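Here the structure is laid out as structure tokens; the discussion comes afterwards.
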């Protein structure tokens, strides 16, 4: 049996600024928000997010793209399955940000009526200027 490679199919949420009639029009978007939500986050997830930055950067050249990693508050959403975050994987992404390679923000504790939810909404609104 051969080794399986991970497929980076699509992020959880993508928001395009503007109105579009069909998929071909998306290439004209000036601003794009890419959101990846995780309950558990490890090195393979960090690689996945970095792969999205490459794919979206190549596909939407000239667009300003904001990446958001929303870490779901596992205690609030599913108390029996608390969130597990690999701190070294999170630091690897934060290094990419600090070195200016990607525009990414990590939002911790995302859950209804929690501070992470407010921060997530704030990040989207500020970026899209709405």
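The values are calculated or read from the model by the stated rules, or taken from the named source; none is laboratory data. All figures in this text were calculated on a predicted structure; none of them were measured in a lab. Counting neighbours? That spans all protein chains shown, and the Cβs are built from the backbone with ideal geometry, glycine included.
Name the single residue, out of those in region 26-67 being in a strand (DSSP E or B) and over 21 Å from residue 99 (Cβ atoms), that is nearest to the chain's Cα centre (by Cα). If we take residues in region 26-67 being in a strand (DSSP E or B) and over 21 Å from residue 99 (Cβ atoms), then 35 is nearest to the chain's Cα centre (by Cα). Of the residues that sit in region 78-112 and are part of a strand (DSSP E or B) and over 21 Å from residue 122 (Cα atoms), which one is modelled with the highest pLDDT? Residue satisfying both the conditions and the ranking: 85. For residue 72, indicate whether it is surrounded by 15 or more Cβ atoms within 10 Å (Cβ to Cβ) and modelled with pLDDT of 90 or more. No, not satisfied.
Each residue in region 102-120 was checked for being out of contact with any helix residue (DSSP H, G or I) (no Cβ under 8 Å at 6 or more places or on another chain) and surrounded by fewer than 12 Cβ atoms within 10 Å (Cβ to Cβ), and 1 pass.
Selection of region 1-49 for residues being at pLDDT below 90, under 14 Å from residue 65 (Cβ atoms) and surrounded by 14 or more Cβ atoms within 10 Å (Cβ to Cβ) yields 26, 29.
Restricting attention to region 113-130, and to residues there that are part of a loop (DSSP other than H, G, I, E, B) and under 22 Å from residue 31 (Cβ atoms), which single residue is modelled with the highest pLDDT? Within region 113-130, the match that is modelled with the highest pLDDT is 129.
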